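Working notes, structure below.
Read the figures in this text as sums done on the coordinates, not as results from a lab. Values in this document were obtained by computation on a predicted structure and should not be read as measured data. Here the Cβ is made from the backbone with ideal geometry for all residues, glycine too, and neighbour counts use every protein chain on show.
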Amino acid sequence: MTYVRGTSDEQAGRIQTWMGATRRVHRRPRRWRDRAWILQPRFVRERSSAKCRSEQDPVRRRLYGVHVRSGIGSAGVGTLSRFGAARTAASSALALATCFVAMAEFTSSPVTYVLLVGLVGFFGGGTSGLTFTRIVSGWFDRGRGFALGLTQVGLGFCGAVLPPLIAGIIGRHGWQAGYLALAAIAAIGVPVALFGLSEDRAVTNQTQVRPTETEARVLSEEFAAVQRGSTFWLMFIAFALSTLFVSGSAQHMAPMLRELGATSGAAAKFMSLIGIGTICVRLIAGWLSDYVHAPWLMAFSCFIGMCGVLALKFGGIAYAPVYAFAIGWAFGGEIDLVAYMCTRYFGLRMFARAYAWQYGMLCIAAGLGPLGTGWLADKFGSYQPGLLISSVLAAGAALTFVLMPRYEGLREDASQDGPQNFSLKNSD
């Protein structure tokens, strides 16, 4: 029985590929759309293709469009920051709930399904880490890294609780009920955001008020100065390289391990180590970032990921646990430290805009990574060339992070108010 009406075997395989590449991008703290992938049809899972389609497939190009919309939506949140975190999160949660209802009621073809998933990525940006890390960063200074790391731990908890919960609902009431349940969970975020999400402490710490039209123009000029600096683009390139490497490795891990001789059950067990690695690095890197230069931590995470890839490449299936844990480590450090580094380099005044750009690149790169890895596997008939390229990307990301300047010399008021002095100093 198909859950999406009018789905052929070939289309079912394509949907599996779309969802596999989409779900990793959407795993962010407090985003209820994180669990949408649970609802991919059993029919689709049984007929999924082992490898990605080539980039010539028009459906694959649609998938890339989904990630572009997600990235654009996240970048748009930077401009919505003037409305306040509470209203931004509430409106986004309401739009997210509406999208889930539409997926339950109006999914009649694969194209419709992909378009709705794209809308989830676009309108759900306001429930992403951008909205909440802005507030947490304003509450903490010395312990900011550890606080941001703790906000990410909830993702692991939801990953453990929501899948069996939604799966139980699907088993009893059908897949449409699963989407309606996600819509209800997203809708709960509306009153929680409006009445429970307070920016008072952040506003007090920053002595910040909502910008007037003149102040907004000044903010735009200051952000333009940030973009003229080398630091912004070094971070941009570094996280793009690390995301290309992590997303491609994570999304193709199961077929990659099966190619090396692992059974489907063994591959699933190995993949569970991704979550363990992610949780470990979020606690460790979050705590260490308050004492160690954050780009060095990211360089170390990329180095760990590179070692895992090379171990699988040259050691075979015996090193699959090392590979899975290393990819989880690289993934967790990437998501946590991008927010922390934005606050330290550009200040809270520029945080929303700077983070929106960096996070938007993460979304786009996370769509390109699986696309490129699948294309290489199709072209060469093996994942082995892709493993080598992934190791090169990881090494390039690590080197770029090492080249980033130190931020410890920033004055405390610059960290709180913005990068006015720092951005000019690093604009050469």
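Just a few scattered comments:
- Checking every one of the trypsin sites (Lys or Arg not before Pro) in segment 244-309 against DSSP loop status and a limit of 15 other Cβ atoms within 10 Å picks out no site at all.
- For ILE188 and SER108, the difference between the fully extended length at 0.36 nm per residue and the C-alpha to C-alpha distance is 26.1 nm.
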